[in-house]
Amino acid sequence: MSWEYQSERVPAPAHVARRLRLPDGDHLVTRTRYLMSADGSPVQLATSYEPAATTAQTPVPFPEQGTFAGRGVVERMQAIGIGVDQVVEEISVRPALSAEAAVLDIPAGSPVLLIERSHRSGERTVETGEIVIAADRFRLRYRFPVAAQAEPAPSAAPPAGAPPPAAAPAGDGQPAAAAPGGTGVSA
């Protein structure tokens with residue numbers, strides 16, 4: 001797998017400004033366009049947008065330059081004190097635009113997968129982008145690691161749909177009898 005890229009600072013297109021939640025006005029973003037190839041054939045287009053004000057005058061002004069070149073959004077943002085805590089993706093299928101079709105070497109109007117991805121730190125979106133892949137050539141596979149969890153702690157509330165627990169008279173110190181299908185509660 002290999003890639004070519006080009007980064008530049010440009011005014012934020014309206015849809016990008018909305019996704020980055022930039023206030024109204026002229027805002028510069030760092031736009032990086034990628035073309036990924038496998039065995040010499042184009043397989044994916046990607047365009048990334050970061051608010052220029054977030055990364056300008058830092059060690060990570062452009063994604064593919066400097067000490068953190070090619071390390072990814074999460075690591076680059078961490079290097080400047082921004083902790084990315086969520087990645088949101090919306091996936092859809094649409095016809096390829098003429099320019100995309102030409103670069104991906106597919107007929108114009110062919111179905112493509114469009115992945116709109118945003119990296120967030122709390123409510124702040126620090127990067128957003130679009131990934132375009134020929135829909136008839138590839139499929140997506142996701143794997144989400146899940147940490148092992150301890151046994152759930154007993155809850156004071158009954159499970160949804162369960163009858164309410166029986167209550168013991170206040171102060172008798174004895175557990176209440178469980179209601180049919182419910183749990184006991186002591187006062």
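The values are calculated or read from the model by the stated rules, or taken from the named source; none is laboratory data. Quick caveat: nothing in here was measured; it's all calculated off a predicted structure. Glycine also receives a Cβ, built like all others from the backbone with ideal geometry; neighbour counts cover every protein chain displayed.
Restricting region 27-63 to residues that are β-branched (Val, Ile, Thr) and in a loop (DSSP other than H, G, I, E, B), which is farthest from residue 117 (Cα to Cα)?
Going through the qualifying residues, I end up with 58.
Among the conditions (1) surrounded by 15 or more Cβ atoms within 10 Å (Cβ to Cβ); (2) farther than 22 Å from residue 15 by Cα; (3) at pLDDT 95 or above; (4) not basic (Lys, Arg), residue 112 misses just one, which is (2).
If the condition is being in contact (Cβ under 8 Å) with a residue 40 or more places away in the chain and either under 21 Å from residue 18 (Cβ atoms) or surrounded by fewer than 19 Cβ atoms within 10 Å (Cβ to Cβ) (or both), then region 63-75 contributes 64, 65, 73, 74. Among the residues of region 64-118, those identified as in contact with a strand residue (DSSP E or B) (Cβ under 9 Å, 6 or more places away or on another chain), more than 29 Å from residue 136 (Cα to Cα), assigned to a loop (DSSP other than H, G, I, E, B) and not β-branched (Val, Ile, Thr) are 64, 65, 83, 85.
Inside region 105-136, residues that are over 26 Å from residue 20 (Cβ atoms) and in contact (Cβ under 8 Å) with a residue 40 or more places away in the chain make up a count of 3.
Quick grid of which residues meet (1) modelled with pLDDT under 90; (2) surrounded by 10 or more Cβ atoms within 10 Å (Cβ to Cβ):
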| residue | (1), (2) |
| --- | --- |
| 79 | no, yes |
| 91 | no, yes |
| 145 | yes, no |
| 154 | yes, no |
| 169 | yes, no |
| 173 | yes, no |
| 179 | yes, yes |
| 186 | yes, yes |
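Taken over region 77-120, residues that are touching an Asp or Glu at 6+ places or on another chain (Cβ under 6 Å) and over 14 Å from residue 45 (Cβ atoms) amount to 2.
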